[in-house]
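A.B. asks: I'd like to ask you about the structure that follows.
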Amino acid sequence: MEPTPDGERPAGPSRPAAPNPPPGIPHRPGPPPFPPAAPPPRRHRSAAVWLTVGAAALTALAAFTACVLLVVMTPLPWQSGSAPASADPADHTSSQLEARPAPVEIDVADHPAYGLTVPDAVDCSLPDVDAGSADSWTDFNAAISDCLTRLWRPRLDELGVHAVEPELRVSNEKPEPVGSVDEDYTQAYYDNREMSITVVLPNVVPMARSMPADWQQTTWISLLTHEYGHHVQQLTGILPAGYDMERTAADEDERLEATRRTELQAECLGGMAMDGLGLSGSEIRRAAESLAAGDDFATHGTASNRSTWFSDGAGGDTVGACNTYDASQSRVA
């Protein structure tokens with residue numbers, strides 16, 4: 001799979017093409033840690049009711065019989081002594097069809113998504129999460145996934161992108177570490193090949209114990225809106241293009257910068273989504289302050305930059321507020 005670059009690395013010359021499920025946003029336990037569509041229903045056609053009148057039926061039958069006689073009686077070219085122009089189908093096809101179609105080029109710094117207005121707010125009622133209960137997480141995941149899909153779908157529709165709803169899962173196993181990211185820091189991760197978001201139960205439980213109870217719900221919302229931000233990146237082609245930037249990077253510093261641009265954009269899209277879900281201004285400010293008080297990560301950027309991009313998303317007018325790929329290096333450090 002190609003996971004989000006939350007410390008995870010996409011396939012490359014020195015890495016296997018399909019690594020084990022990667023970690024997502026790394027979070028160090030400590031107070032208060034904040035994480036740096038279904039297809040449309042199938043249409044059923046109603047059965048048409050046909051009413052026939054005797055005379056009309058006879059007329060249609062006569063016309064059909066005449067057509068059949070014309071077909072039978074008209075000689076085919078080879079029956080009249082003239083051979084067809086060619087019996088080889090290859091003579092009627094273009095050699096250009098043998099080539100594979102060119103891939104769609106995605107400009108991550110000048111994507112049409114950036115011209116969209118921020119998503120309209122949606123009504124969203126989320127159940128409280130019991131961090132130690134897989135059933136509780138399953139209920140919460142289903143509710144927030146529905147809300148976020150309804151939030152982003154109209155904007156994706158404007159782009160002509162089908163808003164597939166991701167699958168949200170709960171895992172009782174920790175993912176294997178990737179790079180310098182400890183497996184204990186992974187609370188959730190996005191798998192772009194399966195379009196799934198996985199909550200890592202063994203890691204969210206100690207995280208919940210380390211923070212005040214009244215901070216937890218906002219933390220879980222922040223965690224999943226970030227991961228859903230990666231899903232939006234995937235649907236728009238930005239995430240695969242970001243992986244290509246990492247693969248073709250000239251050195252490790254350039255690769256990490258590409259990773260940070262992807263992660264900081266997801267942070268920004270998460271802030272934008274939290275605003276659209278109707279969280280209060282105080283809750284959003286608390287999330288931004290918590291990010292600012294967190295740790296710096298080579299894959300996610302400094303705590304200050306994470307907080308700034310999150311706030312830019314929450315207060316932006318267009319999706320272009322989250323254009324991290326066109327930002328200066330200092331903003332994605």
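The values are calculated or read from the model by the stated rules, or taken from the named source; none is laboratory data. Owing to the predicted nature of the structure, the values given are computational and were not obtained by experimental measurement. Every residue, glycine as well, gets a Cβ built from its backbone with ideal geometry; the counts of neighbours run over all protein chains shown.
Residues checked against (1) small (Gly, Ala, Ser); (2) in a helix (DSSP H, G or I); (3) under 12 Å from Leu277 (Cα atoms):
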| residue | (1), (2), (3) |
| --- | --- |
| Cys124 | no, no, yes |
| Asp128 | no, no, no |
| Ala131 | yes, no, no |
| Trp137 | no, yes, no |
| Lys174 | no, no, no |
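A.B. asks: Same structure, new question: Among the listed residues Thr225, Thr262, identify the single one that is closer than 14 Å to Ala314 by Cβ, out of contact with any strand residue (DSSP E or B) (no Cβ under 6 Å at 6 or more places or on another chain) and buried (at least 24 other Cβ atoms within 10 Å of the Cβ).
C.D. replies: Thr225
A.B. asks: Hey, another quick one. Return the total of residues in the stretch 289-311 being surrounded by fewer than 20 Cβ atoms within 10 Å (Cβ to Cβ) and not polar (S, T, N, Q).
C.D. replies: Adding up the residues that qualify gives 7.
A.B. asks: Taking into account only those residues within the stretch 312-333 that are among the aliphatic types (A, V, I, L, M) and in a helix (DSSP H, G or I), which is surrounded by the most Cβ atoms within 10 Å (Cβ to Cβ)?
C.D. replies: Val319
A.B. asks: Now for a separate question. Do you know which residues across the stretch 133-158 are over 29 Å from Asn203 (Cβ atoms) and surrounded by fewer than 17 Cβ atoms within 10 Å (Cβ to Cβ)?
C.D. replies: Correct list: Pro154, Asp157, Glu158.
A.B. asks: Name the single residue that is modelled with the lowest pLDDT among those in the stretch 197-218 being surrounded by fewer than 20 Cβ atoms within 10 Å (Cβ to Cβ) and of a type in the set (S, T, N, Q).
C.D. replies: Ser210
A.B. asks: Here's a follow-up. Inside the stretch 316-325, can you point out the residues that are more than 16 Å from Arg255 (Cα to Cα) and either at pLDDT below 95 or not hydrophobic (A, V, I, L, M, F, W, C) (or both)?
C.D. replies: Gly316, Asp317, Thr318, Gly320, Asn323
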